[in-house]
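Okay, structure first, notes after.
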Amino acid sequence: MLRRIYALMVKEFLAILKDKKSRMVLVLPPVAQILVFGYAASFDLYNVPYAVYNEDTGEASRVFLARFDGSRTFKFYGAIDDDAQIASLINLGKVLMVIHLGPTFSRDLSREKTGTIQVILDGRNSNTALIGLNYIQSIVADFNEDWAATHGRTIPPARLVVRSWFNEMLDSHWFIIPGIVALLTLVVTIEVTSLSVAKEREAGTFDQLLVTPMTPVEILVGKSLPGFIIGTLEATFIILVIVTWFHIPLRGSIPALYFGLFTFLLSAIGIGLMISAFSVTQQQGLMGAFLFLVPSVILSGFATPIANMPRLVQDLTYLNPLRYFLIVVRSIFLQGASFDLLWSQYWPMALIGVVTLAAAGMLFRGRMY
Amino acid sequence: MTGEQPYGGHMRGISMMRLRGLVKKESYQIIRDPSSIGIAFVLPVVLLFIFGYGVSLDAQHVPMAMVIDKPDKAAFDFISGFGQSEYFSPVIMNNIQEAEKALMQRRIDGIVWLRGDFGRLLLSTGNAPIGVIVNGVDANQARITIGYVTGAWIKWLERFSMERGRPLNIPVNVDYRIWFNAAVRSRNFLVPGLIAVIMTLIGAMLTAMVIAREWERGTMEALMVSPVKIQEILLGKIIPYFVLGMGGMALSVAMAIFIFHVPLRGSFFALTIGSALFMLTAIFMGLLISQTAGSQFVAGQIAIVVTFLPAFMLSGFVFDIGSMPMVIQWLTHLVAARYFVSILQNIFLAGDIWPIFFSNCLWLVAMGTAFIVIIRKKARKRLE
């Protein structure tokens, strides 16, 4: 039995790797993608272009605006001296925001009144606008604290002391990049498995496979193993890149990470093979792969949190293995988690894996009788 | 053009009769194989429906633990603001250890911790510390949560100072306006972006698979040895899929407006031109993929790799392109979805901003032209 499985596995590997193009598609994109997406995918803002509309000539306004100069987040685009220019700068996307200081800003500050600044933000991407606004608020808060201290103004009766756990600097790369392990592993595994049966059906060789002494379970195992091996290798490679190249801390237990990867691959391969067993043609197999991949990525919590989804859609995400593995990866990388915190993520993936593999096996058998 | 033959009365060597025949053949193929129609019409509707509801960056009801070491009026007064806000769903916890454990287990996203001396410091020296701990794993959400907490704090400060007859006097106050999306609904920019991502998939999927199938089955060679010319074959494929794709696009726009209530501030004219240019570019890309791949298997793999993830990550759909490193910003110019995301976000939210519109269209035309040149070159090679 083992020999038969081994033989099938070798044959599957050959089928995947013998074609030069197919080999390239499997190896090159994950390497390129982890590098490109690792740099690209971030919610943090750098070099946000801003313009200043300063109607005030006082000293205080210059001291205040100097705070923006020193920041990596902002990049001074230019000064304007007319209301009408605001619209053209923002509409054309030249600047993300315009900071407007009225003529009485310095006077108000020196008379112990409140100086108001007006910020106009481009809300076409409202998330970027909100993040930009948050940066401004924190610069202003720092300025207020210093100003109150040096100018003997009354300080507020209470202040916030904020600490963020697991990611002190709140660098969103730390959140996104470990997620890419899960994302790319899923894509590769689904690619490898989802067409494997359909391809043989179309060529007619699947019927031949069915009349060999191999049982459906053996076929299932033989067809799963290449996905497992390729998935594990690629995930390992990506994890190494993340740790050594992107310097994301891997704080938790590595066995727990690989156990999570194992259950995740089980579920991904199960779904891939099920799609493959359902489809009669490769086109259908590919369609199925697409139809599974796209929603599972978008509704996984990879970029937008599951907690923000409506209840019904949240319930739907329980069927998505990527949802669980993203939690596993992020908890282990950043939170330093180990097995005890993650059982609630392992078993759903294992369950999805067992159910879908059984379904795939049954679909093979269904073709047999 | 290869083998220009003097068929009289036809435009640029293209015979309308043969073209009509091909379009008819292609259309029958589409109608008889319901999967193409499914891809073009059902898929965008289903995907946009789920994603439109599912994808949001607006955090609400963030679970926060409230830990009060010494229950007194000052402390309860402070946290009452959290209970009234729609942004939080506060849970009272007895001690910090319990709250930290809950944070570790991801049951809550943050902690507000008022220590035993909060009330005393508040009334005597002032500047009483309010401990805030957030789970920083999701840095973006953590920032948003901190922003919410800061808002609640400022509101409380104002209330507290008013009650004591000393209006809050902070040096600088920020008054902000967010243009184009005053309510800061993330759906308003995510839905147009989603349309671009979904249409990228559909355009590539429709064509990439279908043509690879013809190569694989050898029917492409059969077509090629017939008197039909290469540009006719290509046009015959492009026209029906273009019509299908535009139909799907129209459905998506209708959904964005009527179901997700995204305002449409620009003109239908610009929307149509932009969509048509993008659809053509996407179809050309699909053609090129299928031609390069030769087999459906590889075509499918390439289509997944070059369409979905780049459209998702590098188009500016969620991640701001301006903040990416320079090299990556250059790379995004190769992603057609990038231009379409910008076109759609502008037309929906800002209106017809012609300079942005034209520069995006120009890029799309350039990409499309490059694709078609390569396709024709390759097609010629395969023919000989």
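The values are calculated or read from the model by the stated rules, or taken from the named source; none is laboratory data. Model, not experiment: these values are computed from the prediction. Note that each Cβ is placed from the backbone with ideal geometry, even for glycine, and that neighbours are counted across all protein chains shown. Accessible surface areas use protein heavy atoms only, side chains included; no ligands, DNA or RNA. Shrake-Rupley method; radii C 1.70, N 1.55, O 1.52, S 1.80 Å.
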Meets criteria (hydroxyl-bearing (Ser, Thr, Tyr) and either free of Cβ contacts under 8 Å to residues at least 24 places away in the same chain or assigned to a helix (DSSP H, G or I) (or both)) for A:Ser267: yes
Selection from the range A:74-110 of residues that are facing another protein chain (nearest Cβ under 9 Å) and either more than 20 Å from B:Asp175 (Cβ to Cβ) or in contact (Cβ under 8 Å) with a residue 60 or more places away in the chain (or both): A:Asn91, A:Leu92, A:Gly93
Enumeration of residues in the range A:170-193 that are facing chain B (nearest Cβ under 10 Å) and among the aliphatic types (A, V, I, L, M): A:Leu170, A:Ile176, A:Ile180, A:Leu183, A:Leu184, A:Val187, A:Val188, A:Ile190, A:Val192
Residues being of a type in the set (Lys, Arg) and open to solvent by less than 20 Å² (accessible area, probe 1.4 Å) - total across the range A:213-270: 1
From B:Phe308, B:Phe319, B:Phe348, residue being open to solvent by less than 10 Å² (accessible area, probe 1.4 Å), free of Cβ contacts under 8 Å to residues at least 12 places away in the same chain and assigned by TED's automatic domain parsing to the domain that holds B:Glu214: B:Phe319
So A:Thr317, is it at the interface with chain B (Cβ under 10 Å from one of its Cβ atoms), open to solvent by less than 10 Å² (accessible area, probe 1.4 Å) and at pLDDT 90 or above: yes
One residue from A:Tyr46, A:Tyr39 being assigned to a helix (DSSP H, G or I), within 9 Å of another protein chain (Cβ to nearest Cβ), surrounded by fewer than 20 Cβ atoms within 10 Å (Cβ to Cβ) and free of Cβ contacts under 8 Å to residues at least 60 places away in the same chain: A:Tyr39
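Residue-wise test of (1) more than 7 Å from chain A (Cβ to nearest Cβ); (2) closer than 22 Å to B:Arg185 by Cβ; (3) not aliphatic (A, V, I, L, M).
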residue	(1), (2), (3)
B:Gln84	yes, yes, yes
B:Gln97	yes, no, yes
B:Asp109	yes, yes, yes
B:Asp117	yes, no, yes
B:Gly131	no, no, yes
B:Val134	no, no, no
B:Gly147	no, yes, yes
B:Ile154	yes, no, no
Residues located in the range A:141-169, provided they are facing chain B (nearest Cβ under 7 Å), in contact (Cβ under 8 Å) with a residue 40 or more places away in the chain and part of a helix (DSSP H, G or I): A:Phe143
Complete set of residues in the range A:289-307 that are open to solvent by 20 Å² or more (accessible area, probe 1.4 Å) and more than 9 Å from chain B (Cβ to nearest Cβ): A:Phe292
Complete set of residues in the range A:61-70 that are more than 9 Å from chain B (Cβ to nearest Cβ) and in contact with a helix residue (DSSP H, G or I) (Cβ under 7 Å, 6 or more places away or on another chain): A:Ser61, A:Arg67, A:Phe68
The listed residue being hydrophobic (A, V, I, L, M, F, W, C), farther than 15 Å from A:Gly272 by Cβ and under 22 Å from the mean Cα position of the chain (by Cα), out of A:Val181, A:Val192: A:Val181
Failed item in (1) closer than 16 Å to A:Val140 by Cα; (2) open to solvent by 60 Å² or more (accessible area, probe 1.4 Å); (3) not in a helix (DSSP H, G or I), with A:Val52 passing the rest: (2)
Candidate set from the range B:48-84 (those that are crowded, with 19+ Cβ neighbours inside 10 Å and in a loop (DSSP other than H, G, I, E, B)); member that is farthest from the chain's Cα centre (by Cα): B:Ala59
Identity of the residue in the range A:1-27, under 13 Å from A:Ile230 (Cα atoms) and charged (D, E, K, R), that ends up most open to solvent (accessible area, probe 1.4 Å): A:Arg23
Set A:Leu121, A:Leu92: member being buried (at least 18 other Cβ atoms within 10 Å of the Cβ) and under 31 Å from the mean Cα position of the chain (by Cα): A:Leu121
Verdict on B:Ser295 being polar (S, T, N, Q) and touching a Gly at 6+ places or on another chain (Cβ under 7 Å): no
All positions within the range B:154-186 that are free of Cβ contacts under 8 Å to residues at least 60 places away in the same chain, in a helix (DSSP H, G or I) and open to solvent by less than 50 Å² (accessible area, probe 1.4 Å): B:Leu157, B:Ser161
Selected residue [in a helix (DSSP H, G or I), over 28 Å from B:Thr272 (Cα atoms) and either more than 10 Å from every other protein chain (Cβ to nearest Cβ) or out of contact with any helix residue (DSSP H, G or I) (no Cβ under 7 Å at 6 or more places or on another chain) (or both)] from B:Met249, B:Met220, B:Met199: B:Met220
